[in-house]
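Below: the structure, in C-alpha cells.
The values are calculated or read from the model by the stated rules, or taken from the named source; none is laboratory data. From a predicted model like this one, the values you see are computed outputs, not experimental measurements. All Cβ positions, glycine included, derive from the backbone under ideal geometry; neighbour counts span all protein chains shown. Heads up: the accessible areas ignore ligands, DNA and RNA and are worked out on the full protein's heavy atoms, side chains in. Shrake-Rupley method; radii C 1.70, N 1.55, O 1.52, S 1.80 Å.
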Amino acid sequence: MNLALLRVFGILIAVHELNRLVRLLLQVTMGDEGESFTDIAPMILASVAIILVGIIVFAKKSARLLRVFSAIMIIVNIVGAINFARVYLGLQYSPGVGFLLQRLADHFINMFMVVYFVSLFMGNMKTPEGSRVNLSLLRFCAVVFLVDGFGFLVHIGYDHSVPVVIMTAASIAAGVVALAKNNTLVLKAFAVCSILWLLWTHIEFVRTNMFGAYHVTNAIVGIVLSAHLVVCITTFFIDVEESKFYLQKLKALFFKWKNLT
C-alpha cells in the first residue's frame, strides 16, 4: 500500500470538507441570506463527520475506511446526478440540454471522483523499493491536472477568455506529459502556475466585490483550504530530492541577485 497517497487522500477529504464547513458558518455569521445555525445543522453535522473520516484516514492509515467512504460517495454522486437530471428534465422552462450536460460533467469530471475510484484500488499501489520517485503520487497528480483541464473545457464555451484557455491547455498538457514520460518537473512547473492562478482568481473575486469583509474572508478560506492547493503542494513530494535540488538552485540565484543589488 502507498502510505503517502493514502495520507494525501485523507488530507484532501478533510481540507475540502473543512472548506465547505467554514463557508457554511461564514454564510450564517456574515452573509445576508438570513439563515440560522438551525437551518444548516444537518449540513454541519455531515461536514464534521466527513472531516473526521479524513483525519482518521490520515492518522490511522485506514485504507478500509477510505474504501468504504469512497464507495458510499460514488453511490451518493450517482444517485444525486440521476435525481438532478430527473428534476431538471421535469421543469417547464430550463436553460436547455447543454446546461444539464455541463452540470452532470461537473458532477463526475472532478478531482474527488478520481480520489474515490483510486481509493478502491489503493491496496495494489506500492512504491518500488529504492526508488526516490513515488509513481503513485505522480500519476494521481497528473490525472487530477488532466481531469481539471477537461473540467475547464466543459465551461470554455461560457468563459473563453485567454487566461482560461491557456490554463485549460496547460493543465491537459501537463497531465499528458507527466503520465507519458513520468516527468515530475512538468508537474512542479504547472503546480506553481496553478497556485498563482488560484491567488489571482481570488484576488479578482475580492476586487470585483469591492473588498467587502465577507468576500475577503471567503477568498482567504478559498485559498488556504483549497483541495487543489493540496495537490499542487503534493507534486513537490513526488521526488523530494529533485525538489530540494531546485530549491537550492533558487536560493543560490536569489542570494546572487541580492549581492548584485
**Item:** Test result for residue 43, part of a loop (DSSP other than H, G, I, E, B) and among the hydrophobic types (A, V, I, L, M, F, W, C)
**Value:** no
**Matching option when the condition is in a loop (DSSP other than H, G, I, E, B), modelled with pLDDT under 95 and farther than 30 Å from residue 131 by Cβ, among 255, 211** = 211
**Message:** When you scan the stretch 168-178, do you find a residue that is open to solvent by 70 Å² or more (accessible area, probe 1.4 Å), within 29 Å of residue 244 (Cβ to Cβ) and of a type in the set (A, V, I, L, M), even just one?
**Reply:** yes
**Item:** Residues that are open to solvent by less than 70 Å² (accessible area, probe 1.4 Å) and modelled with pLDDT under 75, drawn from the stretch 80-98
**Value:** 94, 96, 98
**Request:** Scan the stretch 191-220 residue by residue and report those that are in contact (Cβ under 8 Å) with a residue 40 or more places away in the chain and among the aromatic types (Phe, Trp, Tyr).
**Result:** 214
**Prompt:** Does the stretch 192-200 contain any residue that is within 23 Å of residue 5 (Cβ to Cβ) and open to solvent by 50 Å² or more (accessible area, probe 1.4 Å)?
**Reply:** yes
**Request:** Return yes or no: is residue 199 under 23 Å from residue 147 (Cα atoms) and either in contact with a Ser or Thr (Cβ under 8 Å, 6 or more places away or on another chain) or in a loop (DSSP other than H, G, I, E, B) (or both)?
**Result:** no
